[in-house]
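> Here's a structure for you.
Bear in mind that the values in this text are calculations on the coordinates, not laboratory data. Computed from a prediction, not measured in an experiment: that's the story for all the values here. Here Cβ is always computed from backbone atoms with ideal geometry, including for glycine, and neighbour counts include all displayed protein chains.
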Amino acid sequence: MKVREAMSVLKCSYSTVRRYAYRGRIRTTKMPNGEIIYWDDDVYAMLGKKIQRENWTVAYTRVAGTTESDRGTMQRQQQRVLDWCLQRGLRVDRLYDDWAPATVFGLDQRPGLHELIQDVIRKKVSVIVVETPDRLARVGWELFPALFKYYGVEVVVINGAIQVPEYRAEQEKDLANLLLRAGVDRLDSLGAELLPIPKRREKRKHPGKIVPDWEDKPVSEDPAGDRNLSELM
């Protein structure tokens, strides 16, 4: 949370919040723009409150359709994921699945993915296991682990390369559909020049875990709150 939010929760001044951070009672994260973010967990711990979280290890599986062949592929995919987790002593608390191409993301098309995202936001999930990156997305897959990391969730990919024949066939169909949707019959008919290679930019550090605001329960008014906080100073 930002410093004004911390001041509101603790009912104290800016200098007091900074003093708690300086003494290590409230951890902070410095954003790339220089802004200081105060950890929600530590701020509420000052009031004796704790953010309730669950620590699910979940798996996400997907196939492109609902044919008999797709059902067999889904069953084998789920078994591979479950076996991989079992061999490492991981209990899968929930399994999400979808039966749609990797290039669509609508709620009607990929309800399993949306349920997974909602559970991540609700602070239930800690680890997401997928067999290959394309199970989540064919294009722009990197967005998902980056997004989930903001919620402190790790995405574990069992196989970085697409080796399953059914996945390779699905890949060809997805790429062909992307070209058809773009109205492209042949790539060499575009006649476009190659885009210039962008200049190498300074590598930016990921800000890490960002805890959502405390939205479930308002902080109760405590007449002794100011006195208790002054004692901590």
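> Hey, how many Å between the Cα centroid of the stretch 99-152 and the Cα centroid of the stretch 1-51?
30
> Given labels modelled 7 Å from the Cα in the Cβ direction, how far is it in nm from Ile36 to Gln75?
Label-label distance for Ile36 and Gln75, simple model: 5.9 nm.
> Are there GluC sites (Glu not before Pro) in the stretch 1-87 that DSSP marks as loop and that have at most 13 other Cβ atoms within 10 Å, and which are they? Mind dumping the intermediate values first?
Details: sites: Glu5, Glu35, Glu54, Glu68; in loops: Glu35, Glu54.
Sparse-neighbourhood loop GluC sites (Glu not before Pro): Glu35, Glu54.
> Under a crude label model (7 Å from the Cα following the beta-carbon direction), how far is Glu202 from Gln171 in nanometres?
3.7
> Hey, what's the per residue convex hull volume over the C-alpha atoms of the stretch 56-184, in cubic angstrom?
Values: hull volume 13.8 nm³, N = 129.
Enclosed volume per residue, from the Cα hull, is 107 Å³.
> Can you give me the long-range amide H partners of Val156? Hydrogens built in the peptide plane at 1.01 Å from N, cutoff under 5 Å, separation of 5 or more residues or another chain.
Amide H to amide H, under 5 Å and 5 or more residues apart or across chains, Val156 pairs with Ile128, Val129, Val130.
> Quick one: length gained pulling Lys49 to Arg18 fully straight, 0.36 nm per residue minus the C-alpha distance?
9.2 nm
> How large is log10 I(q)/I(0) at q = 0.18, 0.19, 0.21 Å⁻¹ when the Debye formula is applied to the Cα atoms of the stretch 1-117, each weighted equally and without solvent?
-0.87, -0.92, -1.04
> Gln163 versus Leu107, label points 7 Å from Cα toward the beta carbon: distance in nm?
3.9
> Limiting things to C-alpha atoms, what are the Rg and the maximum Cα-Cα separation (Dmax) for the stretch 3-51, in angstroms?
Expressed in Å, the Cα Rg and Dmax of the stretch 3-51 come to 10.2, 31.
> Starting at the first residue of the stretch 81-98, write each ³J(HN,Hα) from the Karplus equation 6.51 cos²θ - 1.76 cosθ + 1.60 with θ = phi - 60°, in whole Hz, x for Gly and Pro.
5, 5, 5, 4, 5, 4, 5, 10, x, 9, 9, 7, 7, 7, 10, 9, 9, 9
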